[in-house]
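Take a look at the structure set out below.
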2 protein chains.
Amino acid sequence: MMFKKRTNADEAKKLFLEAVKPLSGHELLPIADCDGRSIARDVTAGIDVPHYRRAAMDGFAVRASDTMGAGSSSPVIFKQGQHIEKGVCVKVHTGSPVPQGADAVVILEDTVSYDGNIEIYTQIHPLKNVGDIGEDVRKGDVILRKGQRIRPCDIAVLASLGINNIKVAGKPLVAIIPTGEELVPRGKRELKVGEVYETNGLMASLYSRKWGGIPRLLDIVTDDPEKIKQAITSNLDADMFIISGGTSVGRRDYVPGVVGSMGNLLVHGVGISPGKPTALGIINGKPVVCMPGYPVAGIVALYWFARPALRKLGNLPDEPDRVVRAMLSEKIPSRTGYKTFARVKLDNGKAIPLATSGAGILSSVSKADGFVIIPENIEGLSAGEKVEVILIE
Amino acid sequence: MMFKKRTNADEAKKLFLEAVKPLSGHELLPIADCDGRSIARDVTAGIDVPHYRRAAMDGFAVRASDTMGAGSSSPVIFKQGQHIEKGVCVKVHTGSPVPQGADAVVILEDTVSYDGNIEIYTQIHPLKNVGDIGEDVRKGDVILRKGQRIRPCDIAVLASLGINNIKVAGKPLVAIIPTGEELVPRGKRELKVGEVYETNGLMASLYSRKWGGIPRLLDIVTDDPEKIKQAITSNLDADMFIISGGTSVGRRDYVPGVVGSMGNLLVHGVGISPGKPTALGIINGKPVVCMPGYPVAGIVALYWFARPALRKLGNLPDEPDRVVRAMLSEKIPSRTGYKTFARVKLDNGKAIPLATSGAGILSSVSKADGFVIIPENIEGLSAGEKVEVILIE
């Protein structure tokens with residue numbers, strides 16, 4: 001088997017994402033459980049907030065027109081009462097209702113209480129220090145729109161409207177299939193020569209969860225096309241597949257062939273480094289990311305392909321990465337034609353490239369704070385260059 | 001009651017954080033549950049990874065010295081066998097053990113299988129295409145350091161070492177006390193005039209959870225100093241308090257006084273806008289954030305004070321915000337002496353200030369994508385200025 005052809009990283013992503021269709025399912029959840037979820041329907045306010053005219057400050061509610069002529073040396077004198085009428089003011093505090101007939105609030109600091117009367121030292125205009133009905137939200141306003149990611153502050157707005165439950169888009173179910181005859185389940189027993197613990201499937205599960213999916217990590221499948229096929233067939237209820245390992249062009253690299261035989265193999269071989277053996281396909285309308293078994297290549301494939309696919313499936317907007325600007329402490333080599341994900345460590349404003357021998361060095365990701373992405377048309381970066389480091393989550 | 005004095009935003013944060021002591025508790029968790037947690041102890045590798053010399057490519061294992069003189073037009077001819085000896089090579093694939101006696105791997109592409117023999121067309125040096133023992137991780141290496149935030153890629157490294165459980169720092173328990181006689185529990189019944197649904201406590205709970213704490217949202221407490229004191233006293237098992245409302249200088253603003261009477265009121269009145277009535281204190285060694293009842297001021301106090309305090313308590317490093325650079329579509333006014341958090345909406349590279357009448361407009365946060373922070377020494381920003389927008393999570 002050979003790579004079909006090497007596809008440019010951006011083209012491969014575009015081709016893949018075009019084939020990913022957002023899920024249409026939704027669920028009704030208590031608002032407190034909706035942080036990070038995607039709104040499934042526009043949400044409209046059923047009430048005004050506030051639903052009464054409220055004082056915005058502590059002070060005295062008045063008819064604004066009664067303060068005409070008041071000034072810092074010429075107070076207008078009011079009586080304090082329970083109901084508004086000409087020359088009568090009513091004490092209010094922030095948030096309390098402005099009494100019938102009043103249209104403004106004089107703040108405490110502009111008044112003096114003297115001999116049972118209230119002296120008001122400022123002339124105010126109607127609605128001064130008053131929160132009018134619907135000032136915050138008007139009944140009928142669209143408060144949250146379909147496809148928005150919900151944040152705690154949005155949930156607070158829903159709560160202010162008395163809304164208890166909302167419809168959110170369903171989370172994509174991601175079936176994760178680790179393949180490789182050298183793999184043994186982690187932590188079960190000591191390793192023999194030729195064996196390694198399974199880690200890529202675990203890593204793909206945790207990133208899938210972080211990015212809004214529900215991971216289903218399946219048992220390790222050996223390098224056998226029939227068994228790989230069967231693992232896919234028995235999980236066709238999933239919305240997406242991530243298959244780890246077996247994506248290269250060696251004797252035991254059956255995964256892209258299996259994907260092609262069951263659906264549409266869109267891409268095999270991508271201009272990303274590390275990550276060239278990545279394959280992408282669609283089976284039964286469901287996106288399939290075949291991540292290389294080499295863990296560093298694997299994480300690049302997850303970031304570059306699995307994350308945007310998961311978000312699109314889950315109706316979530318793309319989220320900007322956390323980025324730190326830094327100065328390269330040493331040059332980083334790269335090959336033209338490949339979008340290169342160089343691992344760097346951050347130290348005091350410097351980005352220190354992690355010298356590693358290759359994509360097989362899992363610990364080099366763990367040592368890295370982030371990636372510097374070097375575009376295809378550039379041959380390496382020089383020491384001293386300013387770079388943006390995309391933090392690895 | 002008066003503001004003690006208005007403290008500069010950065011000074012207030014510094015003063016407060018100096019009084020916050022990281023928690024010393026920890027818990028032992030399965031590694032798959034540790035995403036986002038803080039490592040409680042340095043983790044050392046108990047095995048080498050790989051623990052055997054492995055092939056880094058598909059091909060033939062050889063003694064490198066036997067390939068001497070091979071070239072693209074002058075192959076050295078090997079026999080294929082099961083054991084290495086002079087002139088004999090052994091087929092290997094990526095990840096499989098390199099057989100005893102071999103020290104290098106010739107990749108498949110540099111060989112031709114012909115007439116039962118293997119022709120090798122390249123001369124290679126020892127360790128070529130071989131991953132040596134400990135190449136990824138050496139037994140005894142410190143893999144993760146105390147205080148690191150754990151990511152999925154770090155968990156993968158732990159898995160590669162056969163580690164099943166690790167010690168992580170405990171999560172801070174945050175007691176959240178909403179105060180205000182106008183508040184009613186959300187969604188229970190329709191509002192009467194003068195009532196609003198409780199939202200700040202809910203919002204503080206959700207942000208506390210997002211930032212690594214365990215929220216305990218308490219019942220609404222009315223504006224009564226004894227009841228506020230009692231709510232604190234009965235939750236002294238918490239590691240931190242967030243009290244919402246009653247922080248200003250009005251007749252019913254008892255919260256700072258209560259904090260001062262029970263512990264140390266460090267700050268009351270901060271040079272942030274909105275958020276001036278914020279108060280900060282320490283009770284029984286536990287940080288207390290008194291967030292203003294006005295929701296926009298409240299969220300600013302959560303971001304500026306509660307988040308770093310929570311992280312410090314939880315032994316988590318500070319995390320850079322997600323930032324988007326944009327051009328201001330309109331000017332934003334601000335007052336010197338106040339660090340101003342202006343809410344903006346992002347649209348196609350533009351940051352559009354949200355015109356709002358004040359800190360009471362909860363929906364203005366929900367409409368905002370982020371904050372533009374205007375420093376104390378600047379009086380507003382002009383239309384057309386390049387700004388960094390800190391996305392609201």
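The values are calculated or read from the model by the stated rules, or taken from the named source; none is laboratory data. What you see is a predicted model; the values in this text were computed from it and never measured. With ideal geometry, Cβ positions are generated from the backbone for all residues, glycine too; neighbour counts draw on all protein chains shown. Areas reflect the complete protein model, heavy atoms only, side chains present, ligands, DNA and RNA absent. Shrake-Rupley method; radii C 1.70, N 1.55, O 1.52, S 1.80 Å.
For this structure, a couple of remarks:
- Checking B:L127 against (1) surrounded by fewer than 23 Cβ atoms within 10 Å (Cβ to Cβ); (2) within 21 Å of A:M203 (Cβ to Cβ); (3) modelled with pLDDT under 95, the condition it does not meet: (2)
- Qualifying residue in region A:46-55 (condition: open to solvent by less than 30 Å² (accessible area, probe 1.4 Å), out of contact with any Pro (no Cβ under 8 Å at 6 or more places or on another chain) and within 14 Å of chain B (Cβ to nearest Cβ)): yes
- Options B:I124, B:I118, B:I133, B:I39; residue that is among the hydrophobic types (A, V, I, L, M, F, W, C), in contact with a helix residue (DSSP H, G or I) (Cβ under 6 Å, 6 or more places away or on another chain) and farther than 22 Å from A:T247 by Cα: B:I124
- Selection within region A:188-206 - facing chain B (nearest Cβ under 7 Å) and among the hydroxyl-bearing types (S, T, Y): A:Y197, A:T199
- Within region B:266-307, being over 23 Å from B:A238 (Cα atoms) and part of a strand (DSSP E or B) holds for B:V270, B:I272, B:S273.
- Segments classed as strands (runs of 3 or more DSSP E), wholly inside region A:349-393, with at least 3 members that are within 13 Å of chain B (Cβ to nearest Cβ): A:386-391
- Just one of the listed residues (B:G271, B:G194, B:G281) is small (G, A, S) and either over 27 Å from the mean Cα position of the chain (by Cα) or on the phi > 0 side of the Ramachandran plot (or both), and it is B:G194.
- One residue stands out among those in region A:113-124 that are assigned to a strand (DSSP E or B) and open to solvent by 60 Å² or more (accessible area, probe 1.4 Å): the one that is nearest to B:G250 (Cα to Cα), which is A:S113.
- A:T94 vs. criteria β-branched (V, I, T), within 10 Å of another protein chain (Cβ to nearest Cβ) and surrounded by 22 or more Cβ atoms within 10 Å (Cβ to Cβ): yes
- Taken together, the criteria place B:L302 among residues that are within 24 Å of the chain's Cα centre (by Cα) and either open to solvent by less than 40 Å² (accessible area, probe 1.4 Å) or farther than 18 Å from B:A204 by Cα (or both).
- Condition met for A:H26 (over 30 Å from A:Y254 (Cα atoms), more than 14 Å from chain B (Cβ to nearest Cβ) and touching a residue at least 60 places away in the same chain (Cβ under 8 Å)): yes
- All conditions but one from (1) farther than 30 Å from B:F78 by Cα; (2) open to solvent by 20 Å² or more (accessible area, probe 1.4 Å); (3) not in a strand (DSSP E or B) apply to B:I143; the one that does not is (3).
- Single residue of region B:147-185 satisfying the filter (closer than 23 Å to A:V296 by Cβ and charged (D, E, K, R)) that is most open to solvent (accessible area, probe 1.4 Å): B:R149
- When region B:249-266 is limited to residues that are open to solvent by 40 Å² or more (accessible area, probe 1.4 Å) and either within 14 Å of chain A (Cβ to nearest Cβ) or small (G, A, S) (or both), the one that is farthest from B:A19 (Cα to Cα) turns out to be B:R251.
- Only a single item in (1) part of a strand (DSSP E or B); (2) farther than 30 Å from B:C290 by Cα is not met by B:V168, and it is number (2).
- Condition check for A:D369: within 22 Å of A:L206 (Cα to Cα) and open to solvent by 30 Å² or more (accessible area, probe 1.4 Å): yes
- Filtered residues of region A:233-248 (kept if surrounded by 24 or more Cβ atoms within 10 Å (Cβ to Cβ) and either over 22 Å from the mean Cα position of the chain (by Cα) or at positive phi (or both)): A:I243, A:S244, A:G245, A:G246, A:T247, A:S248
- Residue satisfying condition, being in the same structural domain as A:S382 (by TED's automatic domain parsing), over 25 Å from the mean Cα position of the chain (by Cα) and not aliphatic (A, V, I, L, M), within set A:K339, A:K331: A:K331
- Yes/no for B:G245 being more than 30 Å from B:I150 (Cβ to Cβ) and either of a type in the set (S, T, Y) or at pLDDT below 95 (or both): yes
- Among the candidates B:D136, B:D66, the residue that is charged (D, E, K, R), within 51 Å of the chain's Cα centre (by Cα) and farther than 30 Å from B:P308 by Cβ is uniquely B:D136.
- Each residue in region B:310-348 was checked for being touching a residue at least 60 places away in the same chain (Cβ under 8 Å) and not in a loop (DSSP other than H, G, I, E, B), and 12 pass.
- A:T67 meets the conditions (1) exposed (fewer than 14 other Cβ atoms within 10 Å of the Cβ); (2) assigned by TED's automatic domain parsing to the domain that holds A:S96 in every case but one. The failed one is (1).
- Residues in region B:207-241 that are under 21 Å from A:R37 (Cβ atoms) and in a helix (DSSP H, G or I) were compared, and the one that is farthest from the other protein chains (Cβ to nearest Cβ) is B:S208.
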